[in-house]
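The values are calculated or read from the model by the stated rules, or taken from the named source; none is laboratory data. On a predicted model such as this, the values are computed, not experimentally measured, just so you know. For neighbour counting, all protein chains shown are included, and Cβ atoms are generated from backbone atoms with ideal geometry for every residue, glycine included. Ligands, DNA and RNA are excluded from the accessible area calculation, which covers all protein heavy atoms including side chains. Shrake-Rupley method; radii C 1.70, N 1.55, O 1.52, S 1.80 Å.
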Amino acid sequence: RGRVYPDPAPARFDRLAWVARFVDIVEINATFYRPAAPATAHGWVRRTRTFPRFRLAAKAHRTWTHEPGADLDAVVGPTLAGLAPLRESGRLATVLVQFPQRFHRTDDAYRKLDAIACRTRGWPVTVDLYDNYGRTPVARLPEIEVVAAGPRLEATLTAEYPAYLVLFESDCETG
């Protein structure tokens, strides 16, 4: 309060609508801890409807990336279903798939990235990797922007994004 939000805030103050007045995109961190209900996503759309340029980047649920034995078929679907209202309204900038720092370039890691790519085909997805272990491309995924937070990763730095982006290919038949 006081720096970003008014202090005192008026009754029924809506932080999301307030921030949407000033920025074009906000990252939803809550979806990392619990998939959004479609009604919640509809609410985000409704609350920002007067700001046509505003978008939301929703974090994928932590089971996608932080639980090695997670059944992706059981967790990706509910996450995407909850975010569907954002996608349908044009408010979804990306689903941010954020891997932990323990991510390493192993066959299992590549299989996990491949499986996520296959289950999110057609969705705007950004993969955030913390990889400081080498200088080879991280993976081979379709239609997914891989944002690398490691300075030693070979990638293409674009003017559109202040981060490293790499595009990959995948074979979903084996996914």
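Numbers for the structure displayed
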read-out: Count - residues of the range 32-89 that are among the hydrophobic types (A, V, I, L, M, F, W, C) and free of Cβ contacts under 8 Å to residues at least 12 places away in the same chain; value: 3
read-out: Filtered residues of the range 82-101 (kept if buried (at least 21 other Cβ atoms within 10 Å of the Cβ) and in contact with a His (Cβ under 6 Å, 6 or more places away or on another chain)); value: 85
read-out: Complete set of residues in the range 80-108 that are more than 13 Å from residue 127 (Cα to Cα) and touching a helix residue (DSSP H, G or I) at 6+ places or on another chain (Cβ under 7 Å); value: 81, 82, 83, 84, 85, 86, 89, 91, 92
read-out: Count - residues of the range 106-122 that are crowded, with 16+ Cβ neighbours inside 10 Å and farther than 20 Å from residue 28 by Cβ; value: 8
read-out: Single match in 50, 40, 63, 79 (criterion: exposed (fewer than 12 other Cβ atoms within 10 Å of the Cβ), at pLDDT 90 or above and polar (S, T, N, Q)); value: 50
read-out: Every pair of residues 6+ apart whose Cβ atoms lie under 6 Å, when the first sits in the range 11-31 and is over 13 Å from residue 44 (Cα atoms) while the second is open to solvent by 60 Å² or more (accessible area, probe 1.4 Å); value: 24/53
read-out: Answer from 71, 24 - the residue that is open to solvent by 60 Å² or more (accessible area, probe 1.4 Å) and either touching a helix residue (DSSP H, G or I) at 6+ places or on another chain (Cβ under 9 Å) or under 28 Å from residue 118 (Cα atoms) (or both); value: 71
